[in-house]
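The values are calculated or read from the model by the stated rules, or taken from the named source; none is laboratory data. Remember, predicted model here, so these are calculated numbers, not experimental data. Using ideal geometry, Cβ is built from the backbone for each residue, glycine included, and neighbour counts are taken over all protein chains shown.
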Amino acid sequence: MATIIFADKTLRYDGRDLENRPLGGTESSVIQCAREFARRGHQVTVYSNCDAPVMDQGVMWRPLDGKRPDTCDLYIACHQPELLGFVRKPRRNAIWVMWPVNQLKHYKKFWRLWLHRPVPVLMSLFQAKKYSPVLPQYDPLFVLPHGLPDDIRGHAPLAEAPPPRALFASHPTRNLRRVVDIWIKHVLPRVPNAILDVYGINALKEGDDAWKLWEGHFLPPGMTADVKASVRVHPPQSRETLIAAMRGARVMLYPGHKTEAFCLAVAEAQALGLPAIVSNITVMPERVIDGLTGFVHDDDAKFGADAVRLLTDDALWRSQHEAALRYQQGITWSEHAGRLESFLLSDLESVYRSVLALPPT
């Protein structure tokens, strides 16, 4: 058994929030990974901006502003270099790089990586390609994709094609305006009965009219009532509701954003069998098998044209739906923790089992 400490300074959360409210990819991933390490028999503590100490599914959660720990076997700082040194004398330092890797080379940050020499844990080939030569070098770099939760893996193919519904599932700052512009110009004129459902973490409450609150900002101004009716923006929803929405749509429309380093939303949509159209930006081409489980387009007209095809062509939708279910299941969080355990702990303690296997109890 190893003592493992995570530290994350993103939001105010603890492990209980995974089941109780919508979370971003960083927060949900920390919770899932920590739980799987605990299931493997390790003593796991997560320091976050939580309100008070709490035990959740074998993981101890503590406030970052409390007493700092002196040591542990493995310390994992979640992306922020300023978290390095939070544990004074860990046996091993790692930094889980959950955002674009170029942020690490900022002149106020990169010296911390040279001082503490953490092992970088990357999530994508895109990050590996962008890993700066001014940072401490590791050859080869360790790339480990996020795990995918059990509730979105292993679904059967749908018996019938859904109605012409498209889906956007991200923060509205991440190119929602561009998606709606494509929708209005290239999709809706050719599929007038289509609906674009917009989900994600936002500030809307039940009953709010997003067109009144966001028009001219996240949504284009001066649209007709029919156009507005075709774009349905939802306040934050439960995970079960979002999964049902993804299973009930025909295509995810998400060009991507410069801040993406993995894009869990598209990864989960693909695992659920939802074809996706993305742009050739950052990590996005890694999330879709172009032409098989979706499409990669930079041109808005081509982006819209393939959205129309997936909304109207049942044979194309069926082919990509089943291909996504077959090829885009990813790895479980249990396997993720097993791979991480093998890579970061196998020279500190004996790990003589498959990365898929839990230790004997």
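Results, tabulated for the structure shown:
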read-out	value
The one condition in (1) within 29 Å of Val119 (Cα to Cα); (2) surrounded by fewer than 24 Cβ atoms within 10 Å (Cβ to Cβ) that Gln328 fails to fulfil	(2)
Any hit, region 80-88, residues being within 22 Å of the chain's Cα centre (by Cα) and part of a strand (DSSP E or B)	no
Test: residue in region 192-201 that is in contact with a Phe, Trp or Tyr (Cβ under 9 Å, 6 or more places away or on another chain), in the same structural domain as His171 (by TED's automatic domain parsing), at pLDDT 95 or above and polar (S, T, N, Q)	no
Selection from region 47-58 of residues that are assigned to a loop (DSSP other than H, G, I, E, B) and over 18 Å from Thr26 (Cα atoms)	Asp51, Ala52, Pro53, Gln57, Gly58
Whichever residue in region 32-58 is farther than 15 Å from Leu340 by Cβ and crowded, with 18+ Cβ neighbours inside 10 Å and, among such residues, is nearest to the chain's Cα centre (by Cα)	Ser48
Output for region 75-103, where each listed residue is more than 13 Å from Lys9 (Cα to Cα) and touching a Phe, Trp or Tyr at 6+ places or on another chain (Cβ under 6 Å)	Val87, Pro90, Asn93, Val101
Options Val283, Val296: the member that is touching a helix residue (DSSP H, G or I) at 6+ places or on another chain (Cβ under 8 Å) and without any contact (Cβ under 8 Å) to a residue 24 or more places away in the chain	Val296
Residue count, region 101-131 (criterion: farther than 27 Å from Asp347 by Cβ and either in contact with a helix residue (DSSP H, G or I) (Cβ under 7 Å, 6 or more places away or on another chain) or small (Gly, Ala, Ser) (or both))	4
Selection from region 98-120 of residues that are outside any helix (DSSP H, G or I) and closer than 20 Å to Cys72 by Cα	Arg117, Pro118, Val119, Pro120
Hits in region 312-337 (condition: closer than 19 Å to Pro163 by Cβ and part of a helix (DSSP H, G or I))	Thr312, Asp314, Ala315, Leu316, Trp317, Arg318, Ser319, Gln320, His321, Glu322, Ala324
Hey, Asp300 in contact with a His (Cβ under 7 Å, 6 or more places away or on another chain), over 27 Å from Val30 (Cα atoms) and surrounded by 19 or more Cβ atoms within 10 Å (Cβ to Cβ) or not	no
Selection count where residues are without any contact (Cβ under 8 Å) to a residue 40 or more places away in the chain and either closer than 23 Å to Gln270 by Cβ or not small (Gly, Ala, Ser) (or both), scope region 216-232	6
Matching residues in region 59-79 - criterion: being in a strand (DSSP E or B), surrounded by fewer than 19 Cβ atoms within 10 Å (Cβ to Cβ) and either without any contact (Cβ under 8 Å) to a residue 12 or more places away in the chain or of a type in the set (A, V, I, L, M, F, W, C) (or both)	Met60
Residue selected from region 279-311 under the condition in contact with an Asp or Glu (Cβ under 8 Å, 6 or more places away or on another chain) and not in a loop (DSSP other than H, G, I, E, B), by the criterion farthest from Asn175 (Cα to Cα)	Phe295
Hits in region 121-153 - residues which are closer than 19 Å to Val266 by Cβ, assigned to a loop (DSSP other than H, G, I, E, B) and small (Gly, Ala, Ser)	Ser124
Enumeration of residues in region 331-343 that are surrounded by 17 or more Cβ atoms within 10 Å (Cβ to Cβ) and not charged (D, E, K, R)	Ile331, Thr332, Trp333, Ser334, His336, Ala337, Gly338, Leu340
